1. Test each condition in (1) at pLDDT 80 or above; (2) in a loop (DSSP other than H, G, I, E, B) for residue 176 and report the one that comes out false.
2. Would it be correct to say that residue 63 is in contact with a Ser or Thr (Cβ under 6 Å, 6 or more places away or on another chain), touching a residue at least 24 places away in the same chain (Cβ under 8 Å), over 25 Å from residue 151 (Cα atoms) and not polar (S, T, N, Q)?
3. List the number of the failed condition for residue 124; all other conditions in (1) under 30 Å from residue 23 (Cα atoms); (2) modelled with pLDDT of 80 or more; (3) part of a strand (DSSP E or B) hold.
4. Considering each of 60, 31, 43 in turn, give the residue that is under 30 Å from residue 155 (Cα atoms), exposed (fewer than 10 other Cβ atoms within 10 Å of the Cβ) and of a type in the set (D, E, K, R).
5. Take the conditions surrounded by 10 or more Cβ atoms within 10 Å (Cβ to Cβ) and either modelled with pLDDT under 80 or assigned to a strand (DSSP E or B) (or both) and apply them to residue 104. Does it pass?
6. Against the condition touching a residue at least 12 places away in the same chain (Cβ under 8 Å) and among the hydrophobic types (A, V, I, L, M, F, W, C), how does residue 78 come out, does it pass?
Amino acid sequence: MGVGQDLLNVPFGDMVMQLASAIAEGQHKLDLVSIEISKIMGDRSKAWVELPKIKTDGTDFEGTEKLSLIAAGFVPTFYQFVDSIIEVKMAISMTKTTEAAVSVRAKAGWLCFSASVNASYSSKYSYSVEGSSLIRTKIVPVPVPKMLEERLKAIVELQIEKAKTVPSTEETGTTIP
């Protein structure tokens, strides 16, 4: 079985369904990774930044405070598949050439006759198949889902409220590892 037949044997609908399933599975995995990163960024013990602590009256700074990355304003990145393409190309060429040549020579004399026949025949066949397929997709960053963004804002507000009751590192004389 040749390349051309192999390409023709794959139903186009099946190829599209397999691509769609692969994209859906890949999208699910991308979302799970972004969610895990969001959890890490929201956990002050795993991913943090130390910033000057603003006094409760908002007029000045007093020491420093340890904030999660999300509380400090960082946002996790989410990705999405766009512009998926399936392209199948096939080129088949067949050629047949036939050549025939005949030449005859004859001699005659008194009671003698001679003849020679020279014949040639050739037939050439050529068959070539070329095929290629291409599957291409593009992944782009997208904004954080709205509901997650609202949830993250609520978490940040809660962390800020809790941070107001926690003494700064300068007040306790400790350093953050």
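1. (1)
2. Taking the combined requirement at face value, the residue satisfies it.
3. (1)
4. Result: 60 is the single residue among 60, 31, 43 that is under 30 Å from residue 155 (Cα atoms), exposed (fewer than 10 other Cβ atoms within 10 Å of the Cβ) and of a type in the set (D, E, K, R).
5. The answer is no for residue 104.
6. yes
One line per residue, one yes/no per condition, for (1) part of a loop (DSSP other than H, G, I, E, B); (2) at pLDDT 85 or above; (3) more than 30 Å from residue 138 (Cα to Cα):
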{"site": "28", "(1), (2), (3)": "no, yes, no"}
{"site": "31", "(1), (2), (3)": "no, yes, no"}
{"site": "35", "(1), (2), (3)": "no, yes, no"}
{"site": "45", "(1), (2), (3)": "yes, yes, yes"}
{"site": "51", "(1), (2), (3)": "no, yes, yes"}
{"site": "58", "(1), (2), (3)": "yes, no, yes"}
{"site": "76", "(1), (2), (3)": "yes, yes, no"}
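The values are calculated or read from the model by the stated rules, or taken from the named source; none is laboratory data. Just so we're clear, the structure is a prediction, and the values are computed from it rather than from any experiment. With ideal geometry, Cβ positions are generated from the backbone for all residues, glycine too; neighbour counts draw on all protein chains shown.
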